[in-house]
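Written out below as structure tokens is the structure these notes cover.
The values are calculated or read from the model by the stated rules, or taken from the named source; none is laboratory data. In this text, all values refer to a predicted model and were calculated from it rather than measured experimentally. As a convention, Cβ positions derive from the backbone with ideal geometry for all residues, glycine included, and neighbour counts pool all protein chains shown. Ligands, DNA and RNA are stripped out before the accessible areas are found, and what is left, the full protein with its side chains, is counted by its heavy atoms. Shrake-Rupley method; radii C 1.70, N 1.55, O 1.52, S 1.80 Å.
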Amino acid sequence: MRDNRDDLLYTSSHGFKKGGIKILYLSLLLLFLVIFVSPAWGEDDVDLVCQKGVSGFRGATFPRGDILLKEGDTLEVYCRLDMAKAKPYNASFIQFRFTKTNISEGLMKTTVINETTALLRVERMNVSSPHLSCEIVPPGSRRIQVCQNEIDVGYPPLPVENFSCIAQDWRSLNCTWKKPYNPIPTSYSLQILQKGKSFNSIVSCPNATATPTSCVWGPRTEPFYRQNQNPLHFRINGTNVLNPKGSTWNFSIEHWSIVVPEAPSDLKIVHSLPDVATVWWAFKSFKDFVPGLVHQVTVCIQNASVACNVTKLNSYKGSGHLEHNISLDYAYVNYTIEIKMRSQRARDEASFWSKPGMIVVASSAKSPTAPPKVDVGSYESVPMNDKKRDILVYWEDVDPLFRNGPGFHYIHSVQEDEEKKEDIQPKETNRSYAKFSGLWLNKSYRFQIVSANDEGNSSASSVVFVPRIPKAPKSPTAVSQLDFNNGSFIISWNPVNPVAVPIVSYTVFRCISTKPRPQQCQGLMKWDVVSADKQSKFYNNLPHNNMIYQFAVAANAENMSSGMAWASCTLIHGRVPDKLKKVEKILEAEKEIHIKWSLDCSYKPGVIEGYKISYCRVEDERNKTGRCIDNEKQEAVAGSEITTYHLKKLYPCATYMISVSIISANGESQKSEPIYATTKPSAPSYPPIVSEVTVTNTSATISIKPQFPLNGIIKEYRVKYKSLETGEATEKFYPVAHPSRSSGSSENSVRTDSCFDDGAVMKLTEVEVKNLLSNSNYSFTVAACTSKCSEDSTLAHFKTDVGYTDMTTFPDMHIDGDDIAVVWSVPSNIRGPITKFEILLKQNGKDDDIVSVPYDGNANASTYYHKMKFSCETSTNLTAQVRAVTVLESRGETLYGRWSSAGNFNCGGGASWIVWVGVVIGVIVLIGLIGITSTKLHQKFKYMKEGVDVTLPPGMAVQSLNGFSHNLPKRRRDSGGDTHSFGKENLNYQLQMTTTHHSDDPKDFTSLNESCLQQEKTGARSGDHGGGKMSFDNKVYSEEMEVHHKPEKSNGISSSDVGLLLHNDTTFDSAHQIASSSQPQHVENEHLLTEKRLSECPTNPLLDDSLTTDDTEEDAFPIPISYSNLPAQDLFDDPGFGGSTSDNGSPVPFSNSPYPTTVSIGGGSSPSPPPPSRILNMGPNPNDRAPPSSNNNGSLSLPTNPVNSPYVKWTQVMPDQFMNGDGSISGGDHTHKAPYCQVGILLDSN
């Protein structure tokens, strides 16, 4: 509130024109200056309170309170300090400051009057409402408030704005106005001139309805509203402090022009026919209205796009009602009739019209007037296969205004080759088309469509003729639409060659749809026909707000059409192409994602310049929010022909949101809809952190925390630890339990290829390393593993807690005088501080006593000695066991080591334990000697029993062995006179290579007989135990050799002098073909191939050492031999199969073999040697060859030409080192799989 107006009267002196008043005010001003400028100012009778009731101020300003000024006046304000409150400051520290309105400091002038008072003077104040503060401003300190004032600078009363009046319903008069801007508060009052019979009077606005900006006169106000007075005269008076008497303004208004009638009453339909209705309404209160009324009748059809029909009628004084005929042009629709009124003198503006009266009338239903519109080409033929097709028939949907009744629909009938077909019905229908499926390509169809409703059918029908395909014109090609983005389109197409069928016109169809092609259009269909010489159609200003247009073109002949060909894509004029719709991922690797895309339509060369791939990481593929968690990256691809791209250097196990945009000559298209792809897991980027190690005496618990990024779900942790005492290193894996796994799940971790853990949060993980040595130092590293393991963590150490110590030796006992002395070795690895030893004595197996022996901890003492008083009686067997004891007083524990083995002492009178051990060893040796002698006698007896072999004429000593012919070699008797058995025993000889000679010429190899002669001459035996050497040049391969045949390093092994392996059911011709050439070859001297080669993989008695000759040649004798068939079964199919090696390195036969275990030789039987790992069928038919297997290293080369290459020895088991990494052996130009089988030895004649 603004107070103390009397103090401000001096500011209004410039507004008065009378001289006497000026003199009075000047006198008062002079007195004011004398008082305040006088040196005597400061007496106690001066009031220095800024605002009553408000503390905290340091003085006062004069004039006090609010200050009101006229525009252009000078502002003067004194600020005086209350020195009792302002000390130690004086008037020199006073500053004035304006807020709310900026006033230039150049216009402000401050003068220090005396020690307590300062004067502010501002000339020519502008219209404003600033806030003034007087403040003490000490240097470097905050401002101190002295006092403050509100100042308003404004005008004397100004004229009001927008004065107007409305006579609502001709019952009241409401006048309003708007106050002009003026910082000086101004009041306005309204008066009206009322004419009387004898005099006129000016009356004020009724107090009950008066407001600062309006006034209302009504029938019950004082004074009241006079309806028939015209015109109306008004006076407005404005006053404020700058003009207390005020200013006045006059207004005149034509009364009849501001009257607003009430709404028409009693609206009703008084007469109705099928096509005409009469509406009636009343306006009784305006029957005596002098100028009369204007009535506006508006007739609209509900839910229709037809424009409303507006009619205006006049009524005059004395008329209280009207009626009007409404034409009902459309059947089965609702007409809305709206009537409103205004004075004939009023302007045709909304504010002068009455509220409308409204009534609805419904027209009667009837059958449809017309069928839907069609065109000769309003169909689409879609081939299903080479015989049938789908046909879509289109029409322009009948406007709802012409459907004429309820239940509107379409009725279709079909003629096939002019024959009516009742069974052909549409599979899909819509307001604009019907789809017929499974119609013939080579037949014509005529579709008839009529409109129907509940009242009946249309009298006429529409017909669409679809010719058989061979006779139909060709469809237009390359149909495209160019969108100008303002409702204008250009539809273009390639013309149809008119040679076969002359083209007379083209029809351009447009359909309003919710989505572009290939979405089937279901909206309103319209079309236009253009001449045959046109190749485009321009549409201008089609309705386009929130509308999508699909366009199609049909080529029309004289009485048929090609049908519709839809535009496959839309080009925006001057803009980039539509966004890509087909983007997909084709590969997800650890750090790469491969994507591809395709365009929806063909573009002219030069339009597409390239593509831009935008991608970023997102939180989770399962929650596709589209929010990036890092900055989006973009990569550009130049060239329109590029449709694939590889995103590289990505984070493993991360989900990426990817989109592709088109770069064209006009700019970049919108991004395609994003796709989401997740890279494969990889090893964590950093090793885990070991936060803590907790130890016991036999275990260590390691607390592990992974470091991000994990690059996958941590499946397990790998711990490598090493004992620093023993040097033993161990590697173990510890699975990670994931919270998302239910307790009943058999799995303890997620899939290794998963990047999501169903909400699991990786926390600190503990792994327990068990079975450690007590009181022992260990080093260890940890790695986190997803699908791969991270690098190892920094090498760390821990020491296990102390534990018990076990004795490693048994004690020694002897007599020392009258005492029994027990001597034992102090354990070398003490697992805890030994406090004492305990000795357990037993006499004849019974506990006697436990003796404690303190341990002095002497590290240099390797043995400990303790004597005990004991009477060693005859026949007493005394035993002693020792254990170490660790007492941990701090933990209150005592740890006992295990008892040592018992030391034994016999007091005499009976056999000692050493004697008994000697007896047992002697018995074992005797049994062994008996066994050896029996074996020798058995062999000698067998040799004598067999007698002398019968020698047949040359060429007749040939036996058949499973399709092979073999000349039996001579037997050999060893130097001891013993003859080896005929293959009944497995041969486990270890063979070694003696010398190496490279030979690629088959003639360098001798025949079998020549080899035997050479062997006889040299006295060497290839099968001697102990690794006997052959003195002639040869190569022998055993499992002790590592053979790696590589081009750059062959280990001295030639591809022409390595044994050829033949397998089950193998003919030698096919073996030779595979080893030497990819094509079958004719081999001369076929008997050499069959005579000089190995037979099947089971033990071959023909090449057994037992069938070769010794130093004294003996004629070979024939022995009947028969083999069981071997099934083509993979050895590794049964985990029980497998070769092994004995302690001395010799091969050991396979066990648990499903193959036949006997080979019949001369009526006897022998155990089967190890089976092949896979029977490799190398028969004449290549399709019969079984697939190979592999799991070993190395290689074995086959001779490129194995003809005339005899074997003199083969081993029991083919060693692993003969295999390549893929399990193959190589020879010549071919590679074959190497099974476990017997190996031959090639002899070099040189």
On the protein heavy atoms, probe 1.4 angstrom, tell me the percent of accessible surface of region 211-368 carried by carbon and sulfur. 48 percent
Counting only the heavy atoms of the protein chains, how much of residue 321 is accessible to a 1.4 Å probe, in Å² to the nearest 10? 90 Å²
Output the peptides 418-428, 467-477, 640-650, 876-886 sorted from most to least packed, where packing is the average of other Cβ atoms within 10 Å over each peptide's residues. 876-886, 467-477, 640-650, 418-428
Apportionment of accessible area to carbon and sulfur, region 768-814, percent (1.4 Å): 48 percent
From highest to lowest solvent-accessible area (probe 1.4 Å; ligands, DNA and RNA excluded), 524, 895 read 524, 895
Going down the list 387/537; 366/443; 52/100; 515/585; 582/649; 680/720, which pairs span over 30 Å between their C-alpha atoms? 387/537; 366/443
Dipole-positive endmost among 445, 383, 402 within region 377-460 (Cβ charges, Cα centre): 383
In debye, nearest 20, what is the charge dipole magnitude of region 90-226 about its Cα centre with +1 on Lys and Arg Cβ and -1 on Asp and Glu Cβ, if you could check? 420 debye
Between 875, 900, 839, whose Cα lies farthest towards the positive end of the dipole of region 811-938 when Lys and Arg beta carbons carry +1 and Asp and Glu beta carbons carry -1, centred on the Cα centre? 900
Taking a probe of 1.4 Å and leaving out DNA, RNA and ligands, region 461-529 shows per residue an accessible area in Å² of 49 Å²
Can you give me the % of accessible surface on region 840-896 that is carbon or sulfur? Probe 1.4 Å, all protein chains present, nothing else counted. 43 percent
Answer rounded, prolate or oblate for region 374-413, using the Cα gyration tensor with square roots of eigenvalues a ≥ b ≥ c: rounded when a/c is under 1.5, else prolate when a/b is larger than b/c, else oblate. prolate
Among 686, 645, 580, pick out the residue whose Cα is farthest towards the positive end of the charge dipole of region 573-713, where Lys and Arg carry +1 and Asp and Glu carry -1 on C-beta, about the Cα centre. 580
Ordering 389-398, 303-312, 71-80, 408-417 by per-residue average of other C-beta atoms within 10 angstrom, highest first, gives 389-398, 71-80, 408-417, 303-312
Suppose a student asked you for the relative contact order of region 348-437, using Cα pairs under 8 Å spaced at least 6 residues apart; what percent would you report? 26 percent
Ordered by packing density, taken as the mean number of other Cβ atoms within 10 Å over each peptide's residues, highest first, how do 587-596, 863-872 rank? 587-596, 863-872
